[in-house]
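Structure record follows, encoded as structure tokens.
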Amino acid sequence: MNASDKLVELFMRFPGIGPKQAKRFVYFLLREHFHFKEQLIKALEELKFTGKQCDSCFRFFGDNNLRNDKTKCVICDTESRDKNVLMIVEKELDLDAIEKTGSYNGMYFILGGLLPPLTDKPSEIIRIRELVSRVHSDIESKKISEIIFALPVTDYGDNTKEYVENTLAQIVGIKDVKMSSLARGLSSGLELEYVDRDTFKSAFERRD
Ligand SMILES: [Zn+2]
């Protein structure tokens, strides 16, 4: 297989990329200057060693400390962040968007997906086991007072929230933890990953 065909194959493994788009990327690369390709290769070369997963929020992270034994990302590892509040999001992009607003100083947990209604194997779709054990140990060390759901206002989002809430409800001590959701009016029809500062701030302040 030649390099172009191989690249088409690789691009097709990216989320949301079909054969046509994959080919478009390859044609783009063929036309691009040497410098662009060199930058791309360099960045990929670096990424080869990065991509660690935080054992606390489950976000993939990459920074200059990558080759050491760090197991927590920079957010989970920051002393000044409020450990009492845990925000549950679907994916990394949502976390990034919320961080960008600069309006939230608590902790996160990335579920890694959403549950379709009537699914029979939730633990294969979302990190429910990991979340349960995280909340459990947070409760034991009395570190948590509120869990905020920041999930999309869709059937999948609502279904996921209900399942997670019910599952967490079985944890001893969870009754002392408040559960809330971002205000719905603002987040409905709006993808969290594109949220701006004011919208997020308002949805956060009006959470219930
Ligand atoms: Zn983390």
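Might you let me know whether segment 179-194 holds any residue that is on the phi > 0 side of the Ramachandran plot, small (Gly, Ala, Ser) and in contact with a helix residue (DSSP H, G or I) (Cβ under 8 Å, 6 or more places away or on another chain)? Checked against the condition, which is being on the phi > 0 side of the Ramachandran plot, small (Gly, Ala, Ser) and in contact with a helix residue (DSSP H, G or I) (Cβ under 8 Å, 6 or more places away or on another chain), segment 179-194 yields no hits at all.
Collect the residues in segment 177-188 that are within 14 Å of Gly157 (Cα to Cα) and modelled with pLDDT under 80, keeping them in residue-number order. Scanning segment 177-188 gives Arg184, Ser187, Ser188.
Results for (1) surrounded by 13 or more Cβ atoms within 10 Å (Cβ to Cβ); (2) among the polar types (S, T, N, Q); (3) part of a loop (DSSP other than H, G, I, E, B); (4) in the same structural domain as Lys178 (by TED's automatic domain parsing), shown as yes or no for each residue.
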site	(1), (2), (3), (4)
Phe58	yes, no, yes, no
Leu86	yes, no, no, yes
Asp94	yes, no, no, yes
Ser103	yes, yes, yes, yes
Pro117	no, no, yes, yes
Ser133	no, yes, no, yes
Ile148	yes, no, no, yes
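Within the span defined as segment 180-194, one or more residues are crowded, with 17+ Cβ neighbours inside 10 Å and closer than 20 Å to Asp82 by Cα. Can you find even one residue in segment 138-145 that is open to solvent by 60 Å² or more (accessible area, probe 1.4 Å), in the same structural domain as Ile88 (by TED's automatic domain parsing) and basic (Lys, Arg)? The answer is yes, given that some residue of segment 138-145 is open to solvent by 60 Å² or more (accessible area, probe 1.4 Å), in the same structural domain as Ile88 (by TED's automatic domain parsing) and basic (Lys, Arg).
For Ser137, the stated conditions do not hold, so it cannot be described as without any contact (Cβ under 8 Å) to a residue 40 or more places away in the chain, under 23 Å from Thr154 (Cα atoms) and assigned to a helix (DSSP H, G or I).
Within segment 155-173, can you find the residues that are polar (S, T, N, Q) and farther than 11 Å from Pro117 by Cα? Selection gives Asn166, Thr167, Gln170. Quick one: Glu191 ticks every box in (1) at pLDDT 85 or above; (2) within 29 Å of Lys121 (Cβ to Cβ) bar one, so which box is it? Glu191 satisfies every listed condition except (1).
Applying a threshold of 6 Å to beta carbon distances and a minimum spacing of six or more residues, or different chains, the list of pairs starting in segment 106-126 at a residue that is under 17 Å from Thr154 (Cα atoms) and ending at one that is within 16 Å of the ligand (Cβ to nearest atom) reads Leu111/Glu90; Leu111/Arg127; Gly112/Arg127; Leu114/Glu90; Ile126/Leu111; Ile126/Gly112. Checking each residue in segment 68-84 for being in a loop (DSSP other than H, G, I, E, B) and either of a type in the set (Asp, Glu) or open to solvent by 60 Å² or more (accessible area, probe 1.4 Å) (or both) picks out Asn68, Asp69, Lys70, Thr71, Lys72, Val74, Asp77, Glu79, Ser80. Among the residues of segment 105-115, those that are open to solvent by less than 60 Å² (accessible area, probe 1.4 Å) and either closer than 23 Å to Arg197 by Cα or in a helix (DSSP H, G or I) (or both) comprise Gly106, Met107, Tyr108, Phe109, Ile110, Leu111.
The values are calculated or read from the model by the stated rules, or taken from the named source; none is laboratory data. In this text the structure is predicted, and so the values were computed from the model without any measurement. Heads up, the Cβs are rebuilt from the backbone with ideal geometry, glycines too, and the neighbour counts pull from every protein chain shown. Remember, those area values only see protein heavy atoms, side chains included, never the ligands or the DNA or RNA. Shrake-Rupley method; radii C 1.70, N 1.55, O 1.52, S 1.80 Å.
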